[in-house]
Structures are given as C-alpha cells and as structure tokens.
Ligand SMILES: [Zn+2]
C-alpha cells in the first residue's frame, strides 16, 4: 500500500534539499515524480529552492481552497499521455511519487486529499514542511499531517547554542517579534536588517523562551 509521509523540521533543516534529492534518486532510476507546493508560498513563486543553490520548477501549484487530488490527477493524466506519445521514456511511465514542499501551508482538507492520493490512487506522497509557526502553534497543514500521515520523520537542525532546534523565531528588522500574522514569508534570502525584512532563526526551547521573555505561544 502506498503511504503518506511527513518529513518535518524547523526552518533551515534542509527540507527542500532533501526533497530535490529524493526526486533525483527516483529519476536516476528512470522513474517519474511530480513536484507540487501550495500557492501561498510566494518565495520562489513556482520553484522549489534549496538553500544549497539547486532550484527546480514544480509541476503544479496548489491554490488556497484547491482540490489537491484533482490537480494531481490532471498532472498524472498528462504524464501518461506524454508516455503514450513517446515524449518521455515509456516504461515505467506512471508517477512513482508525489513530492510536496512547504506542506505546512496546505489546509487540513488538502492534506486529506494527499492521504487519498496515497491510499486510494496508490501513489506514495512525501510532504515536507515546518511543524510550528513563530508562536509555536502548529500550522494547519502540519497539524493534519501529524495526525494522519503513515510515516513521520523529523529532520534535524541545530540552534545557535548547539541544541536541537524545534522552534522558528521570527526576526523583523534584526529583532525577534512575537506578534503578527501566522504567515510572513521570508522574501529576503540571506537575512537583512531593513525595518520590515522578515527572516527566521531556528531555535531550541531554551533560546526561544529566552528571546520571548518566557512566553510560549
Ligand atoms: Zn538554543
């Protein structure tokens, strides 16, 4: 039975890099994958960007409120047609895996769509995302993935103090902030100290509480 996998971690834990590596591994064996991400993630628009410099265009974007399973089926059909027309190697021509980046921004309903793609359509789905927001609350997509994914895997990264990072501190204009909207995309890669440039720093529990003055959520 195909499974829904959720690989989660703090910011900068290498999720996009790992996703692109998995795509590469499949394709090296002559298999086909489809890449998707929610449309809300404006960073890189329709690309998956690894911090190591590798980027790749997604096959489809999932808009807010969109039916992720229907979008997947359209792309799968397109791939099967291209195989039949000899545009891609004919065997094996079906989708071996669906890879979803920034899955925290999906709705619970869209995560259910991914579950059905795995269980009912028989295609493995690997979703990558951040578990919690800058106030330590679970993102809707992540909460649902943690609840129903067949397989959970934590991707680890370290805090500035050397402990394992589990939180994502939001930095605006060079200072940690603890109020604001749940979603604020870090547009400026490489950081910055301009007044409204948003960046994130992965923090352990100790450093998060230190920065927040003891506030959790
Ligand atoms: Zn720390």
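Read-outs: derived from the displayed coordinates by stated rules, not from any lab. Everything numeric here is computed off the predicted structure, so don't read it as measured data. So basically every Cβ, Gly included, is an ideal-geometry build from the backbone, and we count neighbours across all protein chains shown.
Tabulated results
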| quantity | calculated |
| --- | --- |
| Nearest 10 degrees, 0 to 90: helix 68-84 Cα axis against the chain principal axis | 40 |
| Cα-based shape type of the stretch 4-93, given that a ≥ b ≥ c are square roots of the gyration tensor eigenvalues and the cut on a/c is 1.5 | oblate |
| Highest-first arrangement of 137-145, 114-122, where packing means the average Cβ count within 10 Å | 137-145, 114-122 |
| Kirkwood hydrodynamic radius of the stretch 60-162, Cα pairs, Å | 15.1 |
| Helix axis angle, 108-119 relative to the chain longest principal axis, alpha carbon, degrees | 40 |
| Extension reserve of the residue 26-residue 67 stretch, reckoned as 0.36 nm per residue once the Cα distance is removed | 12.2 nm |
| Efficiency of FRET between residue 147 and residue 57 - r from beta-carbon atoms, R0 35 angstrom, step 0.05 | 0.70 |
| Added length on full extension, which subtracts the Cα-Cα distance from 0.36 nm per residue, residue 40 to residue 121 | 26.6 nm |
| Separation between Cα centres of the stretch 13-41 and the stretch 140-166, rounded to whole Å | 18 |
| Extension gain, residue 183 back to residue 216 (0.36 nm per residue minus Cα-Cα distance, nm) | 10.1 nm |
| Förster radius 41 Å - calculated FRET efficiency between residue 137 and residue 87 (Cβ-Cβ, nearest 0.05) | 0.35 |
| Fewest-first sequence of 199, 157, 55 by Cβ atoms within 10 Å of each Cβ | 55, 157, 199 |
| Nearest 10 degrees, 0 to 90: helix 15-28 Cα axis against the chain principal axis | 20 |
| Fewest-first ranking of 5, 128, 24, using other Cβ atoms within 10 Å as the exposure measure | 24, 5, 128 |
| The chain - Debye-derived log10 I(q)/I(0), Cα point model, q = 0.10, 0.13, 0.16 Å⁻¹ | -0.45, -0.74, -1.07 |
